[in-house]
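> I am attaching a structure below and will ask some questions about it afterwards.
Just so it is clear, none of the values below were taken in a lab; they were calculated from the coordinates. Predicted model, so just to flag it, every value in this text is computed and none were measured. Using ideal geometry, Cβ is built from the backbone for each residue, glycine included, and neighbour counts are taken over all protein chains shown.
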Amino acid sequence: MTKIVTALAGLLLCGCSAFAADQGAREAFRRIDTNGDRKLEFSEIQAARARMFDRLDANHNGVLDPEEVQAAVAQVKAKRDIQATRFAGLQ
């Protein structure tokens, strides 16, 4: 019985995380597709990359130093931990 419950929990976790990843990908696509034609043009991708670089370049000097990269990685990890905690609370 315990094995069945564990297996079902694993399937639910995989399904929910796949759904969340799919929703995240769809939302990212919508944000990048600024003209709303449901296609990504090279110029839209370049603009999204420039926005990301600007967010990471905390001191706005046009380069990313190791501290800025470490801060970005820490922020991604923190968001992932928050999402994992919220998901665990649903169980």
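> Restricting attention to the stretch 56-91, which residues are touching a residue at least 24 places away in the same chain (Cβ under 8 Å) and surrounded by 10 or more Cβ atoms within 10 Å (Cβ to Cβ)?
Passing the criteria: Gln83, Phe87.
> Further question: Tell me which residues, restricted to the stretch 26-39, are within 18 Å of the chain's Cα centre (by Cα) and surrounded by 12 or more Cβ atoms within 10 Å (Cβ to Cβ).
Our first condition is that a residue be within 18 Å of the chain's Cα centre (by Cα); within the stretch 26-39, this holds for 26-33.
Within the stretch 26-39, Phe29, Ile32, Asp33 meet the criteria.
> Let me ask you something else. Restricting to the stretch 52-80, give me the number of residues that are assigned to a helix (DSSP H, G or I) and either over 15 Å from the mean Cα position of the chain (by Cα) or among the hydrophobic types (A, V, I, L, M, F, W, C) (or both).
As a first pass, look at the stretch 52-80 and keep what is assigned to a helix (DSSP H, G or I): 52-56, 66-80.
Filter once more, so that each one left must be either over 15 Å from the mean Cα position of the chain (by Cα) or among the hydrophobic types (A, V, I, L, M, F, W, C) (or both): 52-54, 56, 66-74, 76, 78.
Residues flagged as assigned to a helix (DSSP H, G or I) and either over 15 Å from the mean Cα position of the chain (by Cα) or among the hydrophobic types (A, V, I, L, M, F, W, C) (or both) within the stretch 52-80 amount to 15.
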